[in-house]
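For reference, the structure discussed in these notes is given below.
The values are calculated or read from the model by the stated rules, or taken from the named source; none is laboratory data. This is a predicted model, so every value here is computed, not measured. Cβ sites come from the backbone with ideal geometry, for glycine too, and all protein chains shown count toward neighbours.
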Amino acid sequence: METRYTRVAIWLHWLVAIGVVANVALAWLWPLGDAHPAIGEYVRPMIDTHKSIGITVLGLAILRLLWRVGHRPPPFPTSYRSWEGAAAHIVHWGLYFVIFAMPVSGWVMDSAYKDAALHPNHYFGTFEWPRLGFIMDLPADTRQMIHDRAGAAHSLIAYLVYLLVFLHVAGALKHQLEGHKELQRMGLGK
């Protein structure tokens with residue numbers, strides 16, 4: 001019986017994790033631009049990079065979910081208590097939710113931004129990434145309402161990201177310290 005995830009699942013897991021951590025770091029850094037002029041000139045590039053990473057995470061999440069549908073993950077060790085398996089499933093599916101909901105809410109918010117036309121999205125400085133035209137074509141007051149609601153959702157989902165990532169890492173480390181090879185299941189070590 002296979003105890004490790006497939007190589008593709010491992011790569012997708014770690015690429016998404018790196019993208020999420022990078023985007024959290026960027027979101028914490030750019031507000032400092034108001035207080036620190038040395039950072040201030042980098043705020044727009046940080047926001048643009050944040051958007052590019054977000055769209056990348058969305059694409060990776062789609063690939064990850066498609067891979068997951070066709071490839072069952074390895075089972076948990078039989079020594080896990082039933083509540084531990086249930087909690088792990090809840091956290092995993094919660095993580096799937098947030099890796100879709102964060103970039104989608106950000107894309108909606110960005111598409112509804114009043115000055116969106118003045119700041120085109122360029123995917124990592126290359127081609128222009130489209131905004132959602134059906135949102136950009138709405139009246140200004142409707143766009144503002146959508147922008148505000150999507151922004152509120154984006155912020156709320158961020159707290160859910162923090163909670164779920166904490167639970168995910170804490171659970172993996174708990175089992176690793178108990179002698180289970182959780183980190184090895186996800187490609188770290190033998």
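Table for the structure above
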{"read-out": "Only one of Ala27, Ala112, Ala101, Ala87 that is surrounded by 12 or more Cβ atoms within 10 Å (Cβ to Cβ), of a type in the set (Gly, Ala, Ser) and either within 23 Å of Leu173 (Cα to Cα) or out of contact with any His (no Cβ under 9 Å at 6 or more places or on another chain) (or both)", "value": "Ala87"}
{"read-out": "Segment 111-131, subset assigned to a strand (DSSP E or B) and of a type outside the set (Asp, Glu), residue farthest from Thr142 (Cα to Cα)", "value": "His122"}
{"read-out": "Pairs, first closer than 10 Å to Val91 by Cα and touching a residue at least 40 places away in the same chain (Cβ under 8 Å) in segment 164-190, second charged (D, E, K, R) and assigned to a helix (DSSP H, G or I), C-beta under 9 Å, six or more apart", "value": "Gly171/Glu84; Gly171/Glu182"}
{"read-out": "Residue within segment 156-176 that is over 21 Å from the mean Cα position of the chain (by Cα) and not in a helix (DSSP H, G or I) present", "value": "no"}
{"read-out": "Some residue of segment 115-122 being among the acidic types (Asp, Glu) and either at positive phi or crowded, with 18+ Cβ neighbours inside 10 Å (or both)", "value": "no"}
{"read-out": "Flag for Ser79 being out of contact with any Asp or Glu (no Cβ under 8 Å at 6 or more places or on another chain), among the hydroxyl-bearing types (Ser, Thr, Tyr), loosely packed, with under 12 Cβ neighbours inside 10 Å and in contact (Cβ under 8 Å) with a residue 40 or more places away in the chain", "value": "yes"}
{"read-out": "Flag for Ala152 being over 19 Å from Phe76 (Cα atoms) and at pLDDT 95 or above", "value": "yes"}
{"read-out": "Pairs with Cβ under 6 Å, 6+ apart, first in segment 125-147 and in contact (Cβ under 8 Å) with a residue 60 or more places away in the chain, second part of a helix (DSSP H, G or I)", "value": "Trp129/Tyr123"}
